[in-house]
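Bear in mind that the values in this text are calculations on the coordinates, not laboratory data. Fair warning: this is a prediction, and the values are worked out from it, not measured in the lab. Reconstructed Cβ throughout: ideal geometry from the backbone, glycine too, with neighbour counts over all protein chains shown.
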Amino acid sequence: MRISRLPISLRAATRSHLLRTVSTARTAASNRSKQYTVAALVGVGAYIAVSAAVPVRADSSVQKRIEPQSKVVGSDVPNNVHSNVPDVVHSKTGSNGKPKQGTVSVKDVLAHKDGDEVWVVIKGDVYNMTEFLDDHPGGREIIENNRSKDVTPIFNPRHPSDQLDDENIPPNVHRLGPLDVDGASDEEKEAIRLKVSKEEEEEETRIKRERKEMEERGLGVIVNMKDFEKFAEPMLSRVAWAYYASAGDDEIVKVANGEAYKKVQFRPRILRKVAEADASTTILGKNSTIPVFISPAAMAKLGHPDGEVNLTKGAANTGIIQIISSNASCSLDEMQAARSPGQPLFFQLYINRNRSIATDLLKKINSLGMDAIFLTGDAPVGGKRERDLRLKGEFEGPAGGVSEKSDDTKGVSQAMFAGVDPNVNWEDIKWIKSVSDKPVIVKGVQCVEDALLAYEKGAQGILISNHGGRQLDATRPSLDVLLEIRKHAPHLLRPEYRGPTGISQALLDDPARLTAPDPKGKQSRPFEIYVDGGISRGTDVVKALCLGANAVGVGRGFLYAQSVAGVEGVEHAVGILQQEILLTMRLLGANKIADLRPSMVEVKE
C-alpha cells in the first residue's frame, strides 16, 4: 500500500507560542469573536463555523481484518515544512511583472515593524492582526514578536487548513490582500522571512535524514507498538517530541500505567477449538474490528501535516473508532470531510467557561452526527509537564530564534487549558443531556467512588484514565482502578465479569460461581467501562477485557504511528494490535471477546 503523505520536518514547531494551540479563547474576547472562541475548543485556535451539517450514522455491518503493512513506498510530500513556503515569498503578480490590483507590497508590510498596527503574512496573504491581539488565546505578545514576517511555517502545523477560509476567519482578523514581492529588493525579501537558527537547521537535516531512512526500511521493521515510538522520536522536532512524550512532574504514573499489566498473569485453557477466533466487538453499540479505540490525543499535525485526519481515515479503513480531541489541530469540518459514510466518531468535550460557547459546540457536535460525548473530568487545569515547559523557555523569542527566556512559565500543554471551566461538576452531565441526545461517558475516573457517581448521575459509562500520566502525577495506574471497581462495586460490571480471578477457596467450594449470575442480579441499565493508559500490547488489551473492561483506548501509540507514516501508519498499528489480540485469544482458549473471563487471569499483588 502506498503512503501518499509522509510526515515532514517541523522546524517551525520550536516557535512554540505563535498562534498557540489552545482549547479555547479567553473569556474576555469580544462578542464579534464568539464563533472563533467556539471553534478554539475544537482545534488549535481554529475557527469552526457553527453551522448545520448532515448527520452521519454508523453502519452496523462493518467487519474486516487488517494486515500490518510490510513496506513504505515513495512519498509525494517533501521532507521540509518550508516546501509549502517558497524560498522567495509568495508572489501574486500579473504576467507583465506589475502588481495586480489589491496586492500588498513587501515594503508596506515591513513598514509595520513598528507602530500601532500589526501585520503578518500567512500563505501568501497579508493580514492585519491588530484588533485580534487581545483575543488571541496565546496572548498578543506572540504575534507582536513576529510582526511583518511570513509566519506560514509556524501557522501550518498548528492550525486547520481551513482556518482562514472566508467563512472561518475570525471577524477581527482582516485580510488585506495577496503579498506582491515583485519589485522588492533581496534585502526586503530576506527581512520578511522568518530567521532560522543553527539548531533548527540541524534539526531539519536530522528529520529529513530519518524520514528517508524510514522510507528505505519500510514499515516491516515495525513489529510492535513500542517500535513506533522508537522510530518516531528522531523524526520529530524537539518541541513535537516533548509534547507527545511529556507527562506530569516526575512522570511516575506514565511509567506505572504500563508496568501495572505485568502483575496480571494468564491462566490459559487448552484443547479448545480456536481456528475461527474473532476479535470484533461493539462499543456503545457501534461495531469495531477490535476492542481498541483511538483515545483523544491532541496536536497530531506536529507529527504529520494531515494530523488528525490521518486518524479519522485510518480508523475508517480498519474499522475502529476514533475519539476526537477537543484540542485537535484539524477542524471538525476537516475530519468530517474525511469521514467515511457510516463511520462512527466520538468526541472528547472540555466545557468552556462561557456556557453559551459550550452550548454552541454541543450543537455543532449534534449537527455533525457525533455518536458519543466523552466528558473530560480529569483536567480542570493543565498538569505541570516539564519537558514542554523547558522547551518553551528555551525557544520562545522573535522570529523563532533562541532568545531570552520568557517569564511566562506556561508551555503549550498548559496554555491549552486557558478557557476550560475549572468548576465543571457532576450536575453538568444533566446539562449536557439537556443540550445533546448523545450518550455521555465520563473520562478520567480514577477511583471507585467516582465510578459510582458517574453511574448514579446517568452517564452511559466511564473511561478509567489518568490522562496518560499528563495531569496529576503519582496517581494509581488505570488498571488498579479497574481492580478497585471489581472489588468494591462489581454491580457496575457485566454479570459474567464479576467472578474471581484465578483459583480461590470460593471457586473450589462453588465451581458454578464463574458462570452463575451475581447475587446482586443484572445491571439495571447498560453501563460500559473503558480503560486507557500504558496499553502497548495485544496481551494488555486481553488482560483488561478479562478483568471487565468493555474496550481499551490507545492515544500516544496512534500519534506516533501517524507521525511515522500517516494513514498507513495507523493501519499498520491496528494490524499489529489485531494480530496480537487474536494470537492471545487463541492461546488463552477464547474464540471471541465474549469468551474472555476473569478466571483466565490471575492478579499478583
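Some values worked out for this structure:
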| quantity | calculated |
| --- | --- |
| Backbone HN-Hα couplings from phi across the stretch 337-345 [Karplus 6.51/-1.76/1.60, Hz, Gly and Pro as x] | 5, 7, 5, 7, x, x, 6, x, 9 |
| Net charge of neighbours whose Cβ lies under 11 Å from the Cβ of ILE485, counting Lys and Arg as +1 and Asp and Glu as -1 | -1 |
| ARG175 paired with TRP431, simple spin-label distance in nm, labels 7 Å along Cα-to-beta-carbon | 3.6 |
| Convex hull projection area averaged over all views, the stretch 208-603, Cα basis, nm² | 20.5 |
| Charge sum, other residues only, whose C-beta stays under 13 Å from LYS262's C-beta, Lys/Arg counted +1 and Asp/Glu -1 | -1 |
| Label-point gap, in nm, between VAL381 and ALA337 - each point 7 angstrom along Cα→Cβ | 3.9 |
| Euclidean distance between Cα centres, the stretch 265-305 to the stretch 202-225, Å | 27 |
| FRET efficiency estimate (nearest 0.05) - Cβ-Cβ, GLU144 to LYS487, R0 60 angstrom | 0.60 |
| At R0 = 45 Å, FRET efficiency that the Cβ-Cβ distance of ASP165 and LYS226 yields, to 0.05 | 0.70 |
| Sorted by Cβ neighbour density within 10 Å, fewest at the top, the residues CYS330, CYS546, CYS447 | CYS447, CYS546, CYS330 |
| Inter-site label distance for ASN423 and ARG217 at 7 Å from Cα along Cβ, in nm | 5.2 |
| Residue list for the stretch 460-490, given a label point 7 angstrom along the Cα-to-Cβ vector of ILE252 and an amide N cut-off under 15 Å | 469-478 |
